[in-house]
């Protein structure tokens with residue numbers, strides 16, 4: 001059985017950890033409020049962009065355009081959004097599993113564009129090819145940075161270095177629920193049933209030139225929207241994880257306090273027994 005000193009030392013250590021988890025929960029709560037507000041403000045625009053592009057492409061019929069057909073290369077680029085820090089429960093590992101457990105995405109054919117240190121660390125351990133490491137973008141996402149990334153991805157696609165482009169991120173449902181998602185960015189594939197209108201779609205300028213202008217903005221919008229959702233999801237996951245850690249610490253402190261009191265009571269009882277026995281021996 002552990003001594004009173006050991007129990008007291010361990011209880012003090014857990015109490016210190018509990019103070020840290022409480023502080024981290026408060027910080028994550030404040031960050032979550034800002035991140036959720038930013039995600040909600042931008043969500044309408046990015047959802048509208050997604051619906052609009054799908055509506056256009058579903059109504060134009062067959063167009064021979066490089067952005068609408070798979071490239072010749074078997075390689076695939078995946079933009080993976082994770083966090084720079086841990087202590088967020090399964091937030092980062094769930095995104096990584098979207099790639100590592102997907103039978104259609106073979107390790108030897110993937111170029112990973114990591115936004116966030118945790119994704120880079122995980123994919124490096126698994127032996128994936130890290131094409132770019134972009135940890136700073138997740139700290140304070142700027143549309144200009146996302147646009148530069150989109151241009152590099154499209155340049156690789158047009159050179160035939162990659163044949164498809166994907167985005168892996170975490171969608172923010174609510175404070176306690178976040179959903180990891182994997183979506184294809186290129187080639188663009190309109191979803192069935194997006195637009196049932198039979199109206200003729202006319203382009204000005206020509207359809208190819210219009211798609212050349214629309215698709216890069218479409219991809220940038222989806223990546224930027226994914227960043228906003230991911231930041232809110234990260235803080236929600238970390239707040240939940242720290243809340244659970246604080247509750248677990250409280251339970252451990254209660255158990256150790258009970259053990260300490262029992263050990264203390266046993267020590268007192270033993271001392272009294274020794275005193276009584278000594279008194280009887282003298283008399």
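Is it true that some residue in the range 58-72 is part of a helix (DSSP H, G or I) and out of contact with any helix residue (DSSP H, G or I) (no Cβ under 8 Å at 6 or more places or on another chain)?
Here is the first cut: in the range 58-72, the ones part of a helix (DSSP H, G or I) are 58-59.
Adding the requirement that they be out of contact with any helix residue (DSSP H, G or I) (no Cβ under 8 Å at 6 or more places or on another chain) leaves 58-59.
Scanning the range 58-72 turns up at least one residue that is part of a helix (DSSP H, G or I) and out of contact with any helix residue (DSSP H, G or I) (no Cβ under 8 Å at 6 or more places or on another chain).
What residue, among those in the range 75-103 that are in contact with a strand residue (DSSP E or B) (Cβ under 9 Å, 6 or more places away or on another chain) and more than 30 Å from residue 31 (Cα to Cα), is surrounded by the most Cβ atoms within 10 Å (Cβ to Cβ)?
77
So is residue 6 under 28 Å from residue 112 (Cα atoms) and surrounded by fewer than 16 Cβ atoms within 10 Å (Cβ to Cβ) or not? Steps first, please.
Values: under 28 Å from residue 112 (Cα atoms): no; surrounded by fewer than 16 Cβ atoms within 10 Å (Cβ to Cβ): yes.
So residue 6 does not fit the description; no.
Would a scan of the range 235-257 turn up a residue that is crowded, with 23+ Cβ neighbours inside 10 Å, in contact with a strand residue (DSSP E or B) (Cβ under 7 Å, 6 or more places away or on another chain) and part of a helix (DSSP H, G or I)?
Yes, the conditions are met somewhere in the range 235-257.
Considering only residues that are out of contact with any helix residue (DSSP H, G or I) (no Cβ under 7 Å at 6 or more places or on another chain) and not in a loop (DSSP other than H, G, I, E, B), look in the range 73-94 and name the one that is nearest to residue 21 (Cα to Cα). It would help to see each step written out before you state the result.
First pass over the range 73-94, keeping only residues out of contact with any helix residue (DSSP H, G or I) (no Cβ under 7 Å at 6 or more places or on another chain): 73, 85, 90, 93-94.
Cutting the leftovers down to not in a loop (DSSP other than H, G, I, E, B) gives us 93-94.
Details: 93: 21, 94: 22 Å.
Across the range 73-94, the extreme among qualifying residues is 93.
I'm trying to understand the selection: among the residues of the range 101-115, which are within 13 Å of residue 81 (Cβ to Cβ) and without any contact (Cβ under 8 Å) to a residue 40 or more places away in the chain?
So in the range 101-115, the residues within 13 Å of residue 81 (Cβ to Cβ) come out as 112-115.
Within the range 101-115, 112, 114 qualify.
Of all residues in the range 144-188, count the ones that are farther than 14 Å from residue 215 by Cα, modelled with pLDDT under 90 and not in a loop (DSSP other than H, G, I, E, B).
Qualifying residue count for the region: 3.
Against the condition farther than 30 Å from residue 257 by Cα, in contact with a strand residue (DSSP E or B) (Cβ under 9 Å, 6 or more places away or on another chain) and assigned to a helix (DSSP H, G or I), how does residue 35 come out, does it pass? Outline the logic, then answer.
Values: farther than 30 Å from residue 257 by Cα: yes; in contact with a strand residue (DSSP E or B) (Cβ under 9 Å, 6 or more places away or on another chain): yes; assigned to a helix (DSSP H, G or I): yes.
The answer is yes for residue 35.
Looking at residue 216, is it surrounded by 14 or more Cβ atoms within 10 Å (Cβ to Cβ), under 24 Å from residue 76 (Cβ atoms) and at pLDDT below 80?
Criteria not met by residue 216.
Could you pull out the residue among 48, 12 that is free of Cβ contacts under 8 Å to residues at least 40 places away in the same chain and farther than 19 Å from residue 258 by Cα?
Testing whether each residue is free of Cβ contacts under 8 Å to residues at least 40 places away in the same chain and farther than 19 Å from residue 258 by Cα leaves just 48.
Kindly indicate which of 48, 37, 13 is farther than 30 Å from residue 221 by Cα and exposed (fewer than 14 other Cβ atoms within 10 Å of the Cβ).
Matching residue, one of 48, 37, 13: 13.
The values are calculated or read from the model by the stated rules, or taken from the named source; none is laboratory data. Since the model is a prediction, treat every value here as computed from it, not as a measurement. We place every Cβ from the backbone using ideal geometry, glycine too, and count neighbours over all the protein chains shown.
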